[in-house]
Amino acid sequence: MTTQDAPRRRRLTWLWWLIGIVVVLGVLVVVADIAGRAYAEGRVADEIESRLPAGVEGDVDVTIGGGSFLAQLASGRIDQVDLDAPSLVANGVPFSAHVTATGVPTDLTRPVEHATGTFALDQAAVDSVVTLPEGASLQLGDGTVSYDQTGEFLGIQLGYTVTGEVTAQGTSVRIEPTGAELTQGSNALDVSGLLDRVIGSAVTVCVAQYLPQGVSLQTLEVTPGQASVVATLDDFVLDESTLSTLGTC
């Protein structure tokens with residue numbers, strides 16, 4: 001080895017050492033980021049479960065999205081947080097929930113920018129929360145809801161089914177009747193007048209008193225055996241008061 005090669009080799013050695021140190025630091029940062037994200041997800045889940053409204057129980061899984069968790073933490077705001085709760089129970093009624101929140105502050109006393117939630121109930125859950133007259137029943141269909149009931153026409157007891165389409169509008173649910181048919185009684189009778197009265201016109205029902213104040217319904221999808229609704233909420237503080245303060249009609 002010549003005298004000129006020695007300094008060059010020393011420079012290469014230091015270069016490799018520097019690269020190695022940078023790689024190790026990079027790995028440590030990644031590990032710290034992953035560990036910090038996992039720890040935060042657990043803490044957020046515990047906080048949310050402790051702030052659920054009275055009567056609501058269940059486990060919540062939290063996923064923190066966005067870029068580097070440590071960078072988001074330093075900025076004081078998390079880009080996106082996904083909440084999954086497939087088995088919640090509210091006053092004995094089972095339902096599932098998926099919520100995506102954006103612009104979530106690390107200080108939970110400050111408002112979250114926006115949240116979109118999808119909530120689903122099966123037929124049994126719908127039956128338990130919808131109050132119907134004795135003998136009546138409600139069936140979830142493919143984009144429609146069917147209502148079975150009995151009525152008296154010319155002194156004769158008749159059974160009928162009314163079918164309608166259901167849509168969500170802000171804090172209201174709109175029911176648009178689409179048809180009615182006789183299910184019990186003599187087909188020889190002309191009951192068109194009764195069925196016309198049953199069908200009637202569209203009905204809009206305010207549901208604000210069942211929703212946290214500020215929640216807006218976006219869509220309501222009905223499939224056989226299940227109903228799911230998408231709702232949004234803007235600029236809200238994640239605390240028990242926000243979730244338990246209901247709107248008014």
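Read the figures in this text as sums done on the coordinates, not as results from a lab. Remember, predicted model here, so these are calculated numbers, not experimental data. Reconstructed Cβ throughout: ideal geometry from the backbone, glycine too, with neighbour counts over all protein chains shown.
Annotations
- FRET efficiency, 1/(1 + (r/R0)^6) with R0 25 Å, evaluated for ASP84 and ASP46 via beta carbons: 0.95
- Spacing of the modelled spin labels on THR144 and ALA35, each 7 Å from Cα toward Cβ, amounts to 6.0 nm.
- Near PHE119: Cβ cut-off under 14 Å, other residues only, Lys/Arg at +1 and Asp/Glu at -1. The net charge is -3.
- As a length-normalised measure over Cα pairs under 8 Å and 6 or more apart, the relative contact order of the stretch 70-184 settles at 14 percent.
- Full-stretch length increase - ILE175, GLN226 - with 0.36 nm per residue and alpha-carbon distance subtracted: 16.7 nm
- Other residues within the sphere of radius under 11 Å centred on the Cβ of VAL44, judged by their own Cβ, net out at -3 (K and R +1, D and E -1).
- Gap separating the Cα centres of the stretch 41-57 and the stretch 74-110, nearest whole Å: 9 Å
- Computed from phi, the 3J(HN,Hα) profile of the stretch 39-50 under the Karplus parametrisation 6.51, -1.76, 1.60 (θ = phi - 60°) reads 5, 5, 4, x, 5, 4, 4, 5, 5, 5, 4, 6 Hz, with x in place of Gly and Pro.
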